[in-house]
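Notes for the one structure printed next.
The values are calculated or read from the model by the stated rules, or taken from the named source; none is laboratory data. Computed from a predicted model, the values in this text were never measured in an experiment. Neighbour counts are summed over all protein chains in view; Cβ atoms, including those assigned to glycine, are modelled from backbone coordinates with ideal geometry. Calculation scope for accessible area: heavy atoms of the full protein, side chains included, ligands and nucleic acids excluded. Shrake-Rupley method; radii C 1.70, N 1.55, O 1.52, S 1.80 Å.
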Amino acid sequence: MSDKNQHAAIDLEWANLLSPQRRTVLRGGGLVAALAASSLAASALAQDGAVKRAQPAPGKSPWGEHTDTAPTPRPVSVRPGEETLPGKPRAYTDIESYHAHIYFDEDSYQKAALIRKWAAERFQIELGDWNLEPRGPHVTPSFYFGFTNDLLPVIVPWLQLNSLGLTILIHPNTEDPRADHLYYALWVNRSQPVNGYAMKKPGPGEPRVEQIVVNTRPTVKIETSRA
């Protein structure tokens, strides 16, 4: 029997089963008759193979059996090695440079491209490549530029006024990159999640702090208000 004929046969059975019950409801049979019709129809469909129970996949789960009875473990600290309370404040001179991460998506990439162009034309910065997919702790497409401490009082207000509505993360660079991204961060516009879980302090032989190497040659004088 073709699919078309099979569907027609099922439709006919529905009609034969339900139509008398509808008349019963109209004559005052009420809810009981309607429920009976539904039960009969479901039974008929099941017999025709229209309703089938899902069969479990063969083999064994890689998670094992009876996982519902496994104990609930306590997760390891998301801040391993971090003191509950520091003994004294950190020195502001621990900050050696800054990063600005500009986030975008398929609807706002042209705004990001404009900010990138404007920044490279006006500031001596280390301009990174486009990250068209999540990379590192950043969960959306982005690009970044690094800058030295002396530019902080200029670049932060400049980004505030020229963000074009995009989300921007500004963070310092110290010897603790996880804290830099999660605890010491500044946000322009709204904030968004940063996956800093796996970020660790530099290991033996690695630079203590990420270094900034300027790779732009500004050609445009930064705009200022005229008195």
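Points worth noting:
- Among the trypsin sites (Lys or Arg not before Pro) in the stretch 53-148, those located in a DSSP loop and surrounded by at most 10 other Cβ atoms within 10 Å of their own Cβ are 53, 60.
- Taking 0.36 nm per residue of separation and subtracting the current Cα-Cα distance, fully stretching the chain between residue 132 and residue 6 would add 40.4 nm.
- Each Cα pair under 8 Å and six or more residues apart adds its sequence gap; the mean of these over the residue count of the stretch 162-227 is a relative contact order of 30 percent.
- With every protein chain in place and a 1.4 angstrom probe, the accessible-area ranking of 191, 142, largest first, reads 191, 142.
- For 133, 206, 96, the ranking by accessible surface with the largest value first comes to 133, 206, 96, using a 1.4 Å probe.
- Here the relative contact order of the stretch 81-165, from alpha carbon pairs under 8 Å that lie six or more residues apart, stands at 35 percent.
- The residues of the stretch 92-222 have, on average, 56 Å² of accessible surface per residue, using a 1.4 Å probe with all protein chains present.
- The phi torsions of the stretch 133-144, fed into the Karplus equation with coefficients 6.51, -1.76 and 1.60 and a -60° offset, translate into couplings of 9, x, 9, x, x, 8, 8, 9, x, 6, 9, 9 Hz, rounded to whole numbers, with Gly and Pro shown as x.
- Our summary gives the stretch 92-222 a relative contact order of 35 percent, counting only alpha carbon pairs under 8 angstrom and 6 or more residues apart.
- Percent carbon-and-sulfur accessible area, the stretch 92-222, ignoring ligands, DNA and RNA, probe 1.4 Å: 54
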